[in-house]
1. By how many degrees, between 0 and 90 and to the nearest 10, does the Cα long axis of helix 325-337 differ from the longest principal axis of the chain?
2. Quick one: angle between helix 346-361 and the longest Cα principal axis of the chain, in degrees between 0 and 90, rounded to 10, please.
3. Please list, ordered by chain and number, the residues whose modelled amide H lies under 5 Å from the amide H of K298; skip anything fewer than 5 residues away on the same chain.
4. Give me the log10 of I(q) over I(0) for the chain at q = 0.09, 0.14 Å⁻¹, as the Debye formula computes it from C-alpha points; what are the numbers?
5. Using a 7 Å offset from the Cα along the Cα-to-Cβ direction at both E247 and I397, what is the distance between the two label points in nm, to one decimal?
6. Compactness ratio of segment 12-169: Cα Rg over 2.2 N^0.38 Å, N = residue count?
7. Stretched out fully, how many nm does the piece from E110 to K357 gain, at 0.36 nm a residue minus the Cα gap?
8. With a point put 7 Å past each Cα toward its Cβ, work out how far A133 is from Y262 in nm, to one decimal.
Amino acid sequence: MKYVISIVAIFAVLVITILIIALVVWSKREKQRTENGKLVERALGDKAESRLFRGCRLYVNKKFIDIGYILLSRNGIFVADIYRHSGFLTIKKENELNGKAVGDLIGVPEVVNFAVCTDIKTEDDEIKPSDVAEIIARGDNIFEITRLEKFKSIIEENAKEAEYLLQVQREINSRYFENVKGREGEKKVENYLRSFFDGERYFLMNDVILSGKFSKQIDHILINGYGIFVIETKNWGGQIYGSATAEEWTRYFYNGSSRTHYNPIKQNEKHCAAIKRIVGEVPPVYSVVIVLGADSVKVSADNVFSDFRQLNMFFRSLGNPCLTEKEAENYYDLIWKNIEKDNVSELEHVAATKRQKERVENGLCPICAGKLVVKEGRYGRFYGCSNYPSCTYRKNIKDNVSS
Ligand SMILES: [Zn+2]
């Protein structure tokens, strides 16, 4: 028995010793890595007339990028990052792309990028902290200070924008489930429209973004012989109360809570106005609001539908066609030309809408951020942009800005 206990004791002492040695080695390495990191920082920061960004997040080419270091110096633009040999080799590749992105952003093709390994042991082809000073010294550009200042402000501005977009991205993510419900509703309406008009000639666009000074997201645009139908779909639970003229509609839920939303009729009227600006006054433009999934819809307004049976009746009540097939197609082409194709991501659209709202709430012009001032016009008082005439934005005293 005693014999067993001593073996266990020896074994325990052995394990503890090994652990202590491992800890010492590990902490020594950590210390060395930190030292090496500082060495890199010193080499990068130790330059007169230069500007070093540390841990910078930018938004370039529709992507967020995280950059370890950007050094703007007179003899070159350097994009660098540090990594550990084990498991972080992708940083080398990533840093190459980051270097290119920074080059695109500031309009300088010859950005030097390098990733430094901060481990004690490095492979021959890896850049060591002690190499950094030499790499920077080798830079053979001569940038004017004023140009460097310009680069600096471009990067600072972009970093601010990236922070803003990231915040919006988080909001979009947190609204994800509601968005899923919204998409489901839109899909149902799309399927309904396709089956209702099956066999007839029609043009249908779904979930499009109209270009223009306010980007507007439109759920559906249907064009056929009867005219142009601008359709806003909501997939909303609860009991819905609203009217054509109310600023907001309210949804009441069984648990006693409620939520308000900007009046979809007003929202869609703005979409219709934008479409009319494109197609002119000739073709009829119908505003259609569809509310699906609600327990009840108590809205006293024309052209608000809560089921497809009502929509059937609406479409059958339109009488005789007023556009030829060719005319419908021409209007379709005209609208299609005014639609953003892939170059505005959802994030950018949401961010633009949010920013416009924030500006107006702060009494600023949503387009140029100039101050909004009350002006006296032929039809009464309105808010106008103080940068008139270079900016012609105006807003009714009571109106809201919305997508
Ligand atoms: Zn303005």
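Read-outs: derived from the displayed coordinates by stated rules, not from any lab. Because the structure is predicted, anything quoted here is derived from the model rather than measured. Cβ: placed from backbone, ideal geometry, glycine included. Neighbour counts: every protein chain shown.
1. The two axes meet at around 30 degrees.
2. Here the helix axis deviates by roughly 70 degrees.
3. I240, Y241, G242
4. Result of the Debye calculation: -0.78, -1.20.
5. In this crude spin-label approximation the distance works out to 1.4 nm.
6. Working: Rg = 18.2 Å, N = 158, 2.2 N^0.38 = 15.1 Å.
Working it through for segment 12-169, the quotient is 1.21.
7. Values: separation 247, 0.36 × 247 = 88.92 nm, distance 3.94 nm.
Going from the current span to full extension adds 85.0 nm.
8. Computed distance between label sites A133 and Y262 equals 5.8 nm.
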